[in-house]
Amino acid sequence: MLDTRSRWKVVVFSFEILCAFIRNYFVRKKGEAMMQRFLCVLAVVLTCSFIGCTTKNTVTEETKPAVKEAAQLEFPKDYKNWTHATSKIILDKTSPLYGFQQVFVNDTGLEAYKNGGGYPDGSIILLGFYEPILEGDDIAQGDIIWYAVMKKDSTAERTGGWIFDGFDGKTFTSTVSDPIGGCYNCHMAKKNREYVFTEFAGEVNPPDEASLESEPNDFAFPVDFRSWQHSNFKVILDKESPLYGFQQIYVNDIGFQANKTSGTYPDGSQVIVGFYEPVKEDGVISQGDIIWYAAMKKDSTAAEAGGWIFDGFDSESLQSKIDDPVAGCYMCHTSMKDNDYIFSKYVP
């Protein structure tokens with residue numbers, strides 16, 4: 001493709017040859033005056049045609065939509081209101097993915113994330129990397145280290161239709177100077193899953209909702225708890241512990257503010273802990289199948305248990321499995337009376 005300067009050179013050269021031919025013809029046939037008038041008209045026509053063609057090409061190139069190669073995005077500070085998808089722990093400090101990984105997905109991309117593909121534009125997946133705190137066989141979630149974010153944008157053709165970025169855990173400023181080399185090239189290994197590594201964990205499939213009706217002074221299993229706010233996370237690897245497992249803690253909207261501030265919970269607040277099998281492989285601990293659920297519901301009339309109804313639920317039938325909630329649950333929780341009987345604390 002010739003640039004504008006080269007096009008002008010070609011036109012001038014062609015025009016000079018044409019003029020020599022016409023001059024020779026007109027001098028012999030029509031006279032020099034007629035020749036000069038014809039050359040002037042011809043010059044104007046050719047110049048206008050060339051300018052029009054050049055302008056058309058320039059406009060077309062300028063108005064063509066730009067292909068995004070390494071565009072950045074704003075940090076989504078409301079991500080804790082999204083659905084918590086899964087968790088993983090990498091304890092190798094030399095790994096670029098070291099830490100407690102918490103994955104969140106916005107509403108736009110949630111169904112596609114669950115299905116393993118079909119993401120519409122605007123889908124966002126965020127991974128928070130937190131410091132793992134090791135206490136014997138227990139691993140707790142510490143302070144945030146950094147965030148990885150990917151946003152679906154079909155114009156980002158050179159990065160598989162996604163915009164990739166990373167953010168500092170304190171300042172929320174971008175930390176990735178080369179999203180292609182630093183992010184996309186690695187995600188190409190999951191091209192068959194639209195470049196997404198993680199998968200949704202902990203979906204609840206009740207056998208029969210009619211069978212989940214609660215008894216007096218009890219409450220039914222909250223089948224919608226995966227849409228609640230994710231509060232905290234912990235792993236207990238000691239299989240002899242009654243709290244063994246990958247613990248995911250969720251709080252409903254009524255109780256979430258109290259959970260964030262360690263305040264008094266209003267009636268109707270619910271806290272549920274899912275205990276999942278820890279899957280250990282090559283220094284990585286992933287969230288496996290559900291083992292059982294522990295749950296609490298605030299009810300100020302339950303005076304014998306500190307204003308809470310305690311229960312535990314079977315992982316398959318979702319039916320109560322606690323015969324004596326006071327002795328089996330409440331007596332242990334009395335040690336946290338100053339925190340309204342709640343052990344866990346919200347981790348931002």
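What to note about this one:
- Across the stretch 129-140, computed HN-Hα scalar couplings (Karplus, 6.51 cos²θ - 1.76 cosθ + 1.60, θ = phi - 60°) run 9, 10, 5, x, 10, 8, 9, x, 8, 9, 10, 9 Hz from first to last residue, x flagging Gly and Pro.
- Protection proxy ranking, highest mean first, for peptides 306-315, 330-339, 106-115: 306-315, 106-115, 330-339, where packing is the per-residue count of other beta-carbon atoms within 10 Å, averaged.
- Amide H to amide H, with H built 1.01 Å from N, Val176 comes under 5 Å of Gly166, counting only residues 5 or more places away or on other chains.
- Debye-sum result for the stretch 69-174 in log10 I(q)/I(0), which assumes one identical scatterer on each alpha carbon, at q = 0.16, 0.17, 0.19 Å⁻¹: -0.75, -0.83, -1.00
- Taking Arg193, Arg226 and counting other C-beta atoms within 10 Å, the order from fewest to most: Arg193, Arg226
- Label point at Thr175 placed 7 Å out along Cα→Cβ; residues across the stretch 119-133 whose backbone nitrogen lies under 14 Å: 127-132
- Taking amide H as placed 1.01 Å from N in the peptide plane, the amide H of Gln101 sits under 5 Å from that of Lys88, Ile89, Ile90, Tyr130, each at least 5 places away or on another chain.
- Gain in span if fully extended, Asp253 to Lys77, counting 0.36 nm per residue against the direct Cα distance: 61.5 nm
- Pairs spanning more than 30 Å between alpha-carbon atoms, out of Lys190/Lys321; Lys93/Lys321; Lys190/Lys260; Lys93/Lys234; Lys151/Lys260: Lys190/Lys321; Lys93/Lys321; Lys190/Lys260.
- Where the alpha-carbon atoms of the stretch 240-318 are placed on the principal axes, they occupy 47, 28, 22 Å, in descending order.
- Centre-to-centre, using Cα atoms only, the stretch 224-272 and the stretch 80-115 are separated by 18 Å.
- Within the stretch 257-348: Cβ-based charge dipole about Cα centre, in debye rounded to nearest 20 (Lys, Arg +1; Asp, Glu -1): 420 debye
Each value in this text was obtained by applying a stated rule to the coordinates, not by laboratory testing. Source: prediction; values computed, not measured. We place every Cβ from the backbone using ideal geometry, glycine too, and count neighbours over all the protein chains shown.
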